[in-house]
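Enquirer: Here it is: the structure, laid out below.
The values are calculated or read from the model by the stated rules, or taken from the named source; none is laboratory data. On a predicted model such as this, the values are computed, not experimentally measured, just so you know. Positions of Cβ are generated from backbone atoms using ideal geometry, with glycine treated the same way; all protein chains shown enter the neighbour counts. Calculation scope for accessible area: heavy atoms of the full protein, side chains included, ligands and nucleic acids excluded. Shrake-Rupley method; radii C 1.70, N 1.55, O 1.52, S 1.80 Å.
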Amino acid sequence: MKSPVIDSVFGELKFEDGWVGKRSIDFPWSAKEVEVWVQGNDENETIWSEQRDAYIHFIANEKSIVGEFSEGMFRHYQGIWPDLQMQFGESASELAPKIESVVELSKVIRVVALVFPIVVERGERKFGFLGECSWDIEHGFGFKMGYSIGGSDLLI
């Protein structure tokens with residue numbers, strides 16, 4: 001078991017199958033404390049400079065990044081909503097309610113973590129959000145910033 005550390009950028013992190021911290025984020029529907037997950041990059045669970053750079057970028061651009069995420073999730077949900085209505089039938093109003101705005105995303109998603117995955121190629125700065133969603137309770141959602149939306153395994 002690794003001891004908690006104070007990282008120069010991420011702050012206090014404890015090790016739980018990866019480095020974990022906390023951060024409050026203002027989403028359009030409410031402020032929420034989420035976990036910050038930083039995946040170790042080698043057998044020593046090292047945090048690389050690319051992950052720190054990605055977090056610095058997030059902090060500097062948090063409002064626009066959260067807006068991009070929120071708008072992207074809203075558009076994604078609007079796009080899959082008709083199929084979800086057919087898929088869930090009588091349970092559709094509970095599992096996939098109609099939402100009219102980004103603020104109503106709170107009815108269908110819950111953000112759990114801001115994730116900084118393993119650096120696959122030197123120089124890459126990836127991060128995204130993981131969470132739970134009403135339409136896929138088993139897998140939840142993953143939203144990789146600048147890339148795509150998919151299941152929670154998108155960022156792991």
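Enquirer: Scan (1) touching an Asp or Glu at 6+ places or on another chain (Cβ under 7 Å); (2) part of a loop (DSSP other than H, G, I, E, B) for the single condition R110 breaks and write down its number.
Expert: (2)
Enquirer: How many residues are surrounded by 12 or more Cβ atoms within 10 Å (Cβ to Cβ) and in a loop (DSSP other than H, G, I, E, B) when one looks only at segment 5-15?
Expert: 2
Enquirer: For segment 46-69, check the following and say yes or no: at least one residue is buried (at least 17 other Cβ atoms within 10 Å of the Cβ), part of a helix (DSSP H, G or I) and among the small types (G, A, S).
Expert: Yes, segment 46-69 has at least one match.
Enquirer: Taking only segment 70-80 into account, find how many residues are surrounded by fewer than 20 Cβ atoms within 10 Å (Cβ to Cβ) and of a type in the set (S, T, N, Q). Give the steps one after another, and end with the answer.
Expert: Looking only at segment 70-80, we keep the residues that are surrounded by fewer than 20 Cβ atoms within 10 Å (Cβ to Cβ), and these are 71-72, 75-76, 78-80.
Those still in the list that are of a type in the set (S, T, N, Q) too: 78.
Final tally of qualifying residues: 1.
Enquirer: Let me confirm something: among S24, S93, which residue is open to solvent by 30 Å² or more (accessible area, probe 1.4 Å), over 17 Å from F143 (Cβ atoms) and part of a strand (DSSP E or B)? Before you say what the answer is, go through the steps one by one.
Expert: Details: S93 fails: part of a strand (DSSP E or B).
One residue alone meets the criteria, S24.
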